[in-house]
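K.L.:
For reference, the structure I am asking about is given below.
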Amino acid sequence: MTNPMPVAEVARLGQAILAEVGTAVVGMRETLQIALATILAGGHVLFEDVPGTGKTLAARSLATALGLDFARLQCTPDLLPSDITGSSVWDPQRGDFSFRPGPVFTGLFLADEINRTAPKTQSALLEAMAERQVTVEGASRPLTLPFHVVATSNPVEYEGTYPLPEAQLDRFMVRLAVGYPTRQGESEVLARRIARQQEATPVSRVVDAATVLAMQAGVEAMPVDPDVIAYCVDLAAATRRHPSIEVGASPRGSQNLVLLARAVAALDGRDVVLPEDVKQVAVPVLSHRLTLTATAWASGRRPEVVVADLLASVPGPTTVRQS
């Protein structure tokens, strides 16, 4: 079992990782902080936005700074589940079949444009994301640890995309929108590209896989005040009663609220989880787990707005006891 890292050291290394990723990725500090906190909380990340906004670069840079083995798979409509998990191939020297691992056998697996492949292939990731193993031809094969999925997705209105199944969406701890950079940020992207005189954006390794596991153990060792837990439960329960929501967040949603809020607090150097930490992560944790009613959807209402309304209406704890 990995020894937990002190919270102060988790915060120091976390900020160093973000600083290194920031040398390649411009204008995404808050988004990257949530993505890093998700990995420290043991979760998976879904970046959703239009092509060309830096989603793939962010995922690759984060993997490099974390020192994790990295594999990227470009998702296409003809992709098969075995292209992800691997398959058995005939070995003429042995006169038998041998298993050839797929790209999912890595530390950080990037599924690029995941919603351009069919739901059957998307579902091949479910077992890997939930249980850190894959079952191929009746045999269960464990994945290396740490293992995390970072997927990029285009808006569903784009041609050639498939909606992610609800079970698949629920396995992602967060869905993050990158958005277009500011004018200043876009100018900086262009200036950096001209200055480095190459397309590649070098990022240095800050930690390694063993250190990431120690950081995750440090986050897992943090206590959470019962009032903060109750607040997370109340937020998730409120989604199930809201008139604009047909299907609300599952208990996995409230659990992920707690886990991610704890990781955010750790990156801030605190061993106390505050209600503000929960509010900071509520939209990326809950919005993709909600199914709006037909009336709300037709009127253009978005899940992110509904979650923001709930944050304003559900009372949180006024004091938090320090453990």
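The values are calculated or read from the model by the stated rules, or taken from the named source; none is laboratory data. Since the structure is predicted, the reported quantities are computational estimates derived from the model, not experimental observations. Ideal geometry is used to build each Cβ from the backbone, glycine not excepted, and the neighbour counts take in all protein chains shown.
K.L.:
Among the candidates Ser187, Ser153, single out the residue that is out of contact with any strand residue (DSSP E or B) (no Cβ under 6 Å at 6 or more places or on another chain), within 24 Å of Leu62 (Cβ to Cβ) and among the small types (Gly, Ala, Ser).
P.N.:
Values: Ser153 fails: out of contact with any strand residue (DSSP E or B) (no Cβ under 6 Å at 6 or more places or on another chain).
Of Ser187, Ser153, the one residue that is out of contact with any strand residue (DSSP E or B) (no Cβ under 6 Å at 6 or more places or on another chain), within 24 Å of Leu62 (Cβ to Cβ) and among the small types (Gly, Ala, Ser) is Ser187.
K.L.:
Of the residues Leu80, Leu66, which single one is over 15 Å from Arg171 (Cα atoms), out of contact with any Asp or Glu (no Cβ under 7 Å at 6 or more places or on another chain) and surrounded by fewer than 18 Cβ atoms within 10 Å (Cβ to Cβ)? Explain how you work it out, then say what you get.
P.N.:
Values: Leu66 fails: surrounded by fewer than 18 Cβ atoms within 10 Å (Cβ to Cβ).
Residue meeting the stated conditions: Leu80.
K.L.:
Where the second residue is modelled with pLDDT under 85 and in a helix (DSSP H, G or I) and the first is under 18 Å from Asp83 (Cβ atoms) and lies in region 116-144, which pairs have Cβ atoms under 7 Å and are six or more apart or on separate chains?
P.N.:
Listed pairs, sorted by first residue: Gln122/Gln168; Ser123/Gln168; Leu126/Ala167; Leu126/Gln168.
K.L.:
Just checking, how many residues over region 244-261 are of a type in the set (Gly, Ala, Ser), more than 15 Å from the chain's Cα centre (by Cα) and within 19 Å of Val224 (Cβ to Cβ)? Talk me through it step by step, then tell me what you get.
P.N.:
So in region 244-261, the residues of a type in the set (Gly, Ala, Ser) come out as 244, 248-250, 253-254, 261.
Within this subset, residues satisfying the condition of being more than 15 Å from the chain's Cα centre (by Cα) are 244, 248-250, 254.
Still in the list and also within 19 Å of Val224 (Cβ to Cβ): 249, 254.
Of the residues in that region, 2 qualify.
K.L.:
Further question: Given Ala151, Ala167, which one is in contact with a helix residue (DSSP H, G or I) (Cβ under 7 Å, 6 or more places away or on another chain), within 26 Å of Asp83 (Cβ to Cβ) and modelled with pLDDT of 85 or more? Before the answer, list the steps.
P.N.:
Values: Ala167 fails: modelled with pLDDT of 85 or more.
Residue meeting the stated conditions: Ala151.
Residue by residue, here is whether (1) touching a residue at least 24 places away in the same chain (Cβ under 8 Å); (2) among the aliphatic types (A, V, I, L, M); (3) not assigned by TED's automatic domain parsing to the domain that holds Ile17 holds:
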{"position": "Val233", "(1), (2), (3)": "no, yes, yes"}
{"position": "Arg241", "(1), (2), (3)": "no, no, yes"}
{"position": "Glu246", "(1), (2), (3)": "yes, no, yes"}
{"position": "Ser250", "(1), (2), (3)": "yes, no, yes"}
{"position": "Ser254", "(1), (2), (3)": "no, no, yes"}
{"position": "Ala261", "(1), (2), (3)": "yes, yes, yes"}
{"position": "Glu276", "(1), (2), (3)": "no, no, yes"}
{"position": "Pro284", "(1), (2), (3)": "yes, no, yes"}
{"position": "His288", "(1), (2), (3)": "yes, no, yes"}
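K.L.:
One residue is enough: does region 299-307 have a residue meeting the conditions outside the structural domain of Ile17 (by TED's automatic domain parsing), free of Cβ contacts under 8 Å to residues at least 12 places away in the same chain and not in a loop (DSSP other than H, G, I, E, B)?
P.N.:
yes
K.L.:
Here is a further query. Could you please give the count of residues in region 249-267 that are surrounded by 18 or more Cβ atoms within 10 Å (Cβ to Cβ) and either in contact with a Lys or Arg (Cβ under 8 Å, 6 or more places away or on another chain) or among the charged types (D, E, K, R) (or both)? Full working, then the answer.
P.N.:
Kept after step one, since they are surrounded by 18 or more Cβ atoms within 10 Å (Cβ to Cβ), are these residues of region 249-267: 249, 253-254, 256-267.
Within this subset, residues satisfying the condition of being either in contact with a Lys or Arg (Cβ under 8 Å, 6 or more places away or on another chain) or among the charged types (D, E, K, R) (or both) are 249, 253, 262.
Result for region 249-267: 3.
K.L.:
Taking Gln184, is it of a type outside the set (Gly, Ala, Ser) and part of a helix (DSSP H, G or I)?
P.N.:
Details: of a type outside the set (Gly, Ala, Ser): yes; part of a helix (DSSP H, G or I): yes.
Against the criterion (of a type outside the set (Gly, Ala, Ser) and part of a helix (DSSP H, G or I)), Gln184 qualifies.
K.L.:
Is it the case that Val285 is out of contact with any Cys (no Cβ under 7 Å at 6 or more places or on another chain), at negative phi and surrounded by 20 or more Cβ atoms within 10 Å (Cβ to Cβ)? Let's see the steps before the verdict.
P.N.:
On the way: out of contact with any Cys (no Cβ under 7 Å at 6 or more places or on another chain): yes; at negative phi: yes; surrounded by 20 or more Cβ atoms within 10 Å (Cβ to Cβ): yes.
Judged against the criteria, Val285 is a match.
K.L.:
Out of all the residues in region 27-72, which are under 21 Å from Arg193 (Cβ atoms) and polar (S, T, N, Q)?
P.N.:
Result: Thr31, Thr53, Thr56, Ser61, Thr64.
K.L.:
Could you identify the single residue in Arg72, Arg60, Arg29 that is within 25 Å of His288 (Cα to Cα), without any contact (Cβ under 8 Å) to a residue 24 or more places away in the chain and under 17 Å from the mean Cα position of the chain (by Cα)? Steps first, answer last, please.
P.N.:
Working: Arg72 fails: without any contact (Cβ under 8 Å) to a residue 24 or more places away in the chain; Arg60 fails: without any contact (Cβ under 8 Å) to a residue 24 or more places away in the chain.
Answer to the check: Arg29.
K.L.:
Quick one: would you say Val314 is β-branched (Val, Ile, Thr) and buried (at least 20 other Cβ atoms within 10 Å of the Cβ)? Let's see the steps before the verdict.
P.N.:
Values: β-branched (Val, Ile, Thr): yes; buried (at least 20 other Cβ atoms within 10 Å of the Cβ): no.
In short, no.
K.L.:
Next question, about the same structure. What about Val178, is it in a loop (DSSP other than H, G, I, E, B), closer than 30 Å to Glu9 by Cα, in contact with a helix residue (DSSP H, G or I) (Cβ under 6 Å, 6 or more places away or on another chain) and assigned by TED's automatic domain parsing to the domain that holds Phe105?
P.N.:
Numbers: in a loop (DSSP other than H, G, I, E, B): yes; closer than 30 Å to Glu9 by Cα: yes; in contact with a helix residue (DSSP H, G or I) (Cβ under 6 Å, 6 or more places away or on another chain): yes; assigned by TED's automatic domain parsing to the domain that holds Phe105: yes.
Answer is yes for this residue.
K.L.:
Among the residues of region 179-208, which ones are within 30 Å of Met5 (Cα to Cα) and among the aliphatic types (A, V, I, L, M)?
P.N.:
Val203, Val206, Val207, listed by residue number.
K.L.:
Looking at Thr152, Thr201, Thr161 in this structure, which one is in the same structural domain as Ala63 (by TED's automatic domain parsing), in a strand (DSSP E or B) and hydroxyl-bearing (Ser, Thr, Tyr)?
P.N.:
Values: Thr201 fails: in a strand (DSSP E or B); Thr161 fails: in a strand (DSSP E or B).
Exactly one residue qualifies, and that residue is Thr152.
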